[in-house]
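The next block holds one structure in the form of structure tokens; read it before the comments.
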Amino acid sequence: EPFVADEYIERLAWRTPGGGSRGGEAFDPKRLLEEFVNHIQELQVMDERIQRKVEKLEQQCQKEAKEFAKKVQELQKSNQVAFQHFQELDEHISYVATKVCHLGDQLEGVNTPRQRAVEAQKLMKYFNEFLDGELKSDVFTNSEKIKEAADIIQKLHLIAQELPFDRFSEVKSKIASKYHDLECQLIQEFTSAQRRGEISRMREVAAVLLHFKGYSHCVDVYIKQCQEGAFLRNDVFEDAAILCQRVNKQVGEVFSNPETVLAKLIQNIFEVKLQSYVKDQLEEHRKSDAEQYLKNLYDLYTRTTNLSSKLMEFNLGTDKQTFLSKLIKSIFISYLESYIEVEIGYLKSRSAMILQRYYDSKNHQKRSIGTGGIQDLKERIRQRTNLPLGPSIDTHGETFLSQEVVVNLLQETKQAFERCHRLSDPSDLPKNAFRIFSMLVEFLCTEHIDYALETGLAGIPSSDSKNANLYFLDVVHQANTIFHLFDKQFNDHLMPLISSSPKLSECLQKKKDIIEQMEVKLDMGIDRTLNCMIGQMKHILAAEQKKTDFKPEDENNVLIQYTNACVKVCGYVRKQVEKIRNSMDGKNVDTVLMELGVRFHRLIYEHLQQYSYSCMGGMLAICDVAEYRKCAKDFKIALVLQLFDTLHALCNLLVVAPDNLKQVCSGEQLANLDKNILHSFVQLRVDYRSARLARHFS
């Protein structure tokens, strides 16, 4: 710890007897002074002893420093001498190396012409043997020296090319013949070595043949033998991948240009094996079975491109992507050019067959929906007036919509989109996808859904028909479900193919047009169906409601809570509300129910104004309206419930005491109504003619 003088003196005084107030002892300054003096003397003696020790250590350190410096100087001198010796040795080595290089150049200058001369002499000797017509040299007669013979004959063949033909035609012919024989022997030797699996011998022979014209033939032989026994299974594509994997490991050990040999093997597989296999598979069904032809074309093209992806792992040269693409194109070009026409033709016939099979199962002869001026005129009149033009058709409850048919059509189109994506050229993909979409619109939307809507519209009875069966809501329900499936396929399978092309806007517009066209017919059919519902309610009210219901002969003997007409109308309305909820979804339910509720209210309002009401009859009318209001609650539409609340309040005018009429009319629910409406209800009372009532109401 660091030395602190104050603390040190405090401790010294504390230890000295009489130096403080410890234990109640009296303070003794003399004793404390004596202790301080003695302690100072001890510290001085200690300081002198330590100082002498420091001086001794400093002297020793200076002595050792001088000795170390002297030793370092000696080492530096030794190092300098060694460095000088190293420089001298390096200069001597450089001098010797220069001499050796110079001597080597001189020897090479002498040896190279000598070797050439020896080589030329040997070639002249062998040339003379060909000139004499008798090959005596061991190199030509000993089969084990075929490598040396090949080297010689290759050089003689090059020399012979330079000789004039008229003087050396015979010898040139003999050299060429020997060249050809040796080449055949080498290829045969290579073939035998390949069959025996002797990689080193194959590599040796291939290196010799590299300088011969028949080297390419050697490669062809290698490729041919590689494929022997390689295609024994049914899956030619898997066999090809396994073969290329095996050859890729071996070809680098045999040839000096392995990427070229492997590329040639792959080219041979594509142009011979695969092309033949593809042709056999496709030509069999090309004209007789379009469905199988398209399935096979898609499957074969997919498997070929998958094989190409596997082959991309190998070294095939600089631009292997282009190389493999050209090979695939060479196989499928004739089929891909006509693909979309076959696809559209098949899709058209298949879709027509699916629809026809469905209508045949229903024993239904499909009606022709007319086009042209007269039909267009009828359509415009029907849209503006909502009148049924032409006789009503009894569909016997059949909607002529089938989810099974729709699923089949969508499945066929889905497969067509998948084939289109795979088989179309990228530049033609959006255009081809649009053509397939047009087929789907034609057969699903126009020939099936639109036809069902037209048939459903024609099957809606007139509003004054009795006991009419209303099936159009079933058509609405099924059409809604089907169009959800259609929209899902549009988003899932068509959009990815056209999302980045100008065809996107065209497809969206076509989809929008078909939706609007169907919505017009759905709206028209729903409107006419609601009219029929109101018509049925009118028939029930006309048949069941009696004038005596609201003006009974015996005012004191009324036992019913509400009229029979009210019971039947409410029962009918509840069934229709449930049917509407089951047939539609989203905001459409509320929209249709609100329209039905408003018409239902108008019907009851007008119906009630046809009768005169006694006091008890007015009470019964209030009970009926209360039941109608309870029925209106099932609509779950605020406006409809509000209308029936107001109607219920109006019915109170039929029974309220004359003195209270003004008070009731100024109530919350009736205050905002037109006075004529209030007056019209008061006039329905049987006692309206009495002066007292007229006076109170005025």
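Just a few scattered comments:
- Residue count, the stretch 407-453 (criterion: open to solvent by less than 60 Å² (accessible area, probe 1.4 Å) and not in a helix (DSSP H, G or I)): 2
- Single residue of the stretch 226-240 satisfying the filter (in a loop (DSSP other than H, G, I, E, B) and free of Cβ contacts under 8 Å to residues at least 40 places away in the same chain) that is nearest to Thr302 (Cα to Cα): Asp235
- Glu313 vs. criteria surrounded by fewer than 18 Cβ atoms within 10 Å (Cβ to Cβ) and either in contact with an Asp or Glu (Cβ under 7 Å, 6 or more places away or on another chain) or not assigned by the TED database to the domain that holds Arg195 (or both): yes
- Hey, Asn676 out of contact with any Gly (no Cβ under 6 Å at 6 or more places or on another chain), open to solvent by 50 Å² or more (accessible area, probe 1.4 Å) and at pLDDT 85 or above or not: yes
- Close contacts from the stretch 620-631, counting a first residue that is free of Cβ contacts under 8 Å to residues at least 40 places away in the same chain and a second that is open to solvent by less than 10 Å² (accessible area, probe 1.4 Å) and assigned to a helix (DSSP H, G or I), with Cβ to Cβ under 6 Å and a gap of 6+ residues or different chains, come to Ile622/Cys651; Val625/Leu647; Val625/Cys651; Arg629/Phe644.
- Residue within the stretch 479-502 that is outside any helix (DSSP H, G or I), out of contact with any Gly (no Cβ under 8 Å at 6 or more places or on another chain), open to solvent by less than 60 Å² (accessible area, probe 1.4 Å) and outside the structural domain of Tyr688 (by the TED database) present: yes
- Failed condition for Ile199, given (1) modelled with pLDDT under 85; (2) more than 22 Å from Lys320 (Cα to Cα): (1)
- You will find that of Tyr222, Tyr215, the residue that is closer than 30 Å to Asn315 by Cα, under 50 Å from the mean Cα position of the chain (by Cα), aromatic (Phe, Trp, Tyr) and modelled with pLDDT under 85 is Tyr215 and no other.
- Test: Val278 is in a helix (DSSP H, G or I) and either at pLDDT below 90 or open to solvent by 70 Å² or more (accessible area, probe 1.4 Å) (or both): no
- Among the residues of the stretch 306-341, those that are closer than 14 Å to Ile266 by Cβ and of a type in the set (Ser, Thr, Tyr) comprise Ser308, Ser309, Thr322, Ser325, Ser330.
- Every residue from the stretch 241-258 that is open to solvent by 60 Å² or more (accessible area, probe 1.4 Å), in a helix (DSSP H, G or I) and of a type outside the set (Val, Ile, Thr): Gln245, Arg246, Lys249, Glu253
The values are calculated or read from the model by the stated rules, or taken from the named source; none is laboratory data. Predicted model, so just to flag it, every value in this text is computed and none were measured. Ideal geometry is used to build each Cβ from the backbone, glycine not excepted, and the neighbour counts take in all protein chains shown. Remember, those area values only see protein heavy atoms, side chains included, never the ligands or the DNA or RNA. Shrake-Rupley method; radii C 1.70, N 1.55, O 1.52, S 1.80 Å.
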